[in-house]
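Below is one structure, written out as structure tokens; comments come after it.
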Amino acid sequence: MLEQFLPEANLPEADVALNVYAEPSARRAVLEPLRVVVGLAIGLPLFVWVTEQVRGSDPSHDEPPEPEPVPVLSPTIVFVGLPLVVIGLASFAIGLRDGLMPVGDLIGRRLVHSQPRLVPSVAFTLGLLLTFGEPAIGSLIELSYEAWDFPEIQALLGKHQILTVVSIGAGVGLAMAVGATRLSSG
């Protein structure tokens, strides 16, 4: 189907796109997030328990006891939320592998053979732009609203937020450009 939009550009036989993202797709796409989510579901309450034990045994802790905390993992989160996380991550992995990776593979192979000098520029631009869509960057920005005790973090992620994101993106883009140059030059 992709060939009608991007017909093969007389690629050498060795460069025919290999399906590196093949079987067992659905099973693997579900098992990997399941393993991570189960680890989190076990590790998070354990971490909270250890933290509470350490804080409770601190002799310098002269403050009155705090009210009972809200449970970190309520039954609703465990029985509804975590399976939804597994389904969402599996759907994302399958969609990425079956929908986006073949397009990127085909475009990348054509670019290397038709315009090899553009490879580093395209890689840098993609690295820079993809950084803006990275969820971790959004998490950093949210963190700045809670970092009242750290004015440096507030300055980097608040007032100078765009400069911070562009700097991170430029670093990612540079790394991608260097890697793409090394891969395309053999």
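Suppose we filter Leu157, Leu100, Leu111, Leu128 for residues that are of a type in the set (A, V, I, L, M, F, W, C) and open to solvent by 60 Å² or more (accessible area, probe 1.4 Å); which single one remains?
Values: Leu157 fails: open to solvent by 60 Å² or more (accessible area, probe 1.4 Å); Leu111 fails: open to solvent by 60 Å² or more (accessible area, probe 1.4 Å); Leu128 fails: open to solvent by 60 Å² or more (accessible area, probe 1.4 Å).
Only one candidate qualifies: Leu100.
Are any residues in region 9-51 open to solvent by 90 Å² or more (accessible area, probe 1.4 Å) and either aromatic (Phe, Trp, Tyr) or modelled with pLDDT under 55 (or both), and if so, which ones?
The answer is Asn10, Glu13, Ala14, Leu18, Asn19, Val20, Tyr21, Glu23, Phe47, Trp49.
Out of curiosity, is Val54 among the β-branched types (Val, Ile, Thr) and modelled with pLDDT under 80? Quick ask: steps written out before the conclusion?
Values: among the β-branched types (Val, Ile, Thr): yes; modelled with pLDDT under 80: yes.
Yes; evaluated as a whole, the condition is true for this residue.
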Quick one: how many residues across region 77-97 are open to solvent by 60 Å² or more (accessible area, probe 1.4 Å) and in contact with an Asp or Glu (Cβ under 9 Å, 6 or more places away or on another chain)? 1
Those residues of region 63-111 that are of a type in the set (Phe, Trp, Tyr) and modelled with pLDDT of 85 or more come to a total of 1
Helices (runs of 4 or more DSSP H) (entirely within region 122-186) containing at least 1 residues that are of a type in the set (Val, Ile, Thr) and at pLDDT 75 or above: 135-144, 161-185
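The values are calculated or read from the model by the stated rules, or taken from the named source; none is laboratory data. This structure is a prediction, so every number in the text was calculated from the model and none was measured. Reconstructed Cβ throughout: ideal geometry from the backbone, glycine too, with neighbour counts over all protein chains shown. To get the accessible areas, we keep the full protein, side chains included, count just its heavy atoms, and leave off ligands, DNA and RNA. Shrake-Rupley method; radii C 1.70, N 1.55, O 1.52, S 1.80 Å.
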